[in-house]
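The structure appears right after this line, and notes come after that.
The values are calculated or read from the model by the stated rules, or taken from the named source; none is laboratory data. Given the structure is predicted, the values throughout are model-derived calculations rather than measurements. Glycine also receives a Cβ, built like all others from the backbone with ideal geometry; neighbour counts cover every protein chain displayed. Remember, those area values only see protein heavy atoms, side chains included, never the ligands or the DNA or RNA. Shrake-Rupley method; radii C 1.70, N 1.55, O 1.52, S 1.80 Å.
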Amino acid sequence: MPAALVTGASRGIGRAIAERFARDGYDVVVNYVSSAQKARAVAETIRTETGSDAVAVRADVGDPDDAADLVDATVEAFGGLSHVVNNAGVDQHVYTEDLSPEDFDSVMDTNVNGAFNVTKAALPHLREAAEQDTPDADSAPTPSVTNVSSILAYTGAPVECHYAASKAGLLGLTKSHAGDFAPEVRVNAIAPGHVETDMTADRTEAEKEAELAEIPVERYGQPADIADAAAYLRDAGFVTGETLNVNGGELMR
Ligand code: NAP
């Protein structure tokens, strides 16, 4: 069975992607950094409710050694690695005047360096997966990396400039790697709009009302909406270097 690694899969969007990939027939590594219990529960749910295997593995993706160990653990558990979703991310609401260089770096470390660290460690295994001569090699999706960016990569965000910068950086990383790694490995991004998770749970009712007024489909995104996009990009053999905007029409590009 092919294997996938989803970073930041203990909750929210990453959890939905891990569960979706498992339902689609992939063994999955559920990465987390601090929510051990939640990540183990996600892996347990996958094992009991799908025909796939799953393990929870702790790693701070911003640490290159942790990222390398995470990839090693994936290959050890499942014998190879076909798809990576760089979903782990952190957000912080601070105006630039109050933002310390350390906090700026810490968001960049997880959101951009983390994707770089995991992708770099995974690349030899993804290339190896591309070379494997399987009976249905012509129809099997080519190995892929999907980076979870954000609508804020395009719009910027006054109160979270480091987050917006990190998500814009991910789009540059995506295109660079798509060119570098072709034809063996495809690399794409997803730019979600507002999705209901822990990351957006602190909104006031007034903020929610204002946000919803900007979304033509008149609802927030759900983690499953992003999982649908991740499954599409995993399987879309002729799509690389692309960003799929999943935002309910909030920003039409
Ligand atoms: P979330 O609910 O806050 O979950 C974040 C996940 O990332 C958790 O699993 C967390 O693990 C993990 N994580 C954080 N730092 C990590 C690190 N250094 N190493 C490994 N894992 C780490 O966030 P979400 O809303 O699902 O967001 C997922 C992704 O979508 C993020 O990249 C986010 O920027 C992006 N996004 C979200 C929205 C939205 O509206 N929610 C919109 C656009 C883009 P622990 O549980 O162990 O802390």
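Name the residues in segment 91-103 that are surrounded by 13 or more Cβ atoms within 10 Å (Cβ to Cβ) and touching a residue at least 60 places away in the same chain (Cβ under 8 Å), would you?
Of everything in segment 91-103, those that are surrounded by 13 or more Cβ atoms within 10 Å (Cβ to Cβ) and touching a residue at least 60 places away in the same chain (Cβ under 8 Å) turn out to be Asp91, Gln92, Val94, Leu99.
Those residues that are in a strand (DSSP E or B) and of a type outside the set (Val, Ile, Thr), I need them from segment 220-253; list them, please.
Of everything in segment 220-253, those that are in a strand (DSSP E or B) and of a type outside the set (Val, Ile, Thr) turn out to be Gly221, Leu244, Asn245.
If a residue has to be β-branched (Val, Ile, Thr) and either surrounded by fewer than 17 Cβ atoms within 10 Å (Cβ to Cβ) or more than 28 Å from Gly221 (Cα to Cα) (or both) to count, how many in segment 171-201 make the cut?
2
Kindly provide the set of residues from segment 1-47 that are more than 15 Å from the ligand (Cβ to nearest atom), assigned to a loop (DSSP other than H, G, I, E, B) and out of contact with any Pro (no Cβ under 8 Å at 6 or more places or on another chain), ordered by number.
Within segment 1-47, Met1, Pro2, Asp24 meet the criteria.
Might you check whether a residue that is open to solvent by 30 Å² or more (accessible area, probe 1.4 Å), modelled with pLDDT of 95 or more and either of a type in the set (A, V, I, L, M) or closer than 22 Å to Gly79 by Cα (or both) occurs anywhere in segment 117-124?
Yes, segment 117-124 contains a residue that is open to solvent by 30 Å² or more (accessible area, probe 1.4 Å), modelled with pLDDT of 95 or more and either of a type in the set (A, V, I, L, M) or closer than 22 Å to Gly79 by Cα (or both).
Cβ-Cβ distance below 6 Å, separation of 6 or more or different chains: which pairs start in segment 52-79 with a residue that is under 22 Å from Val107 (Cα atoms) and end on one that is in a loop (DSSP other than H, G, I, E, B) and open to solvent by 30 Å² or more (accessible area, probe 1.4 Å)?
Note: pairs meeting the criteria are Asp60/Val33; Asp66/Asp60.
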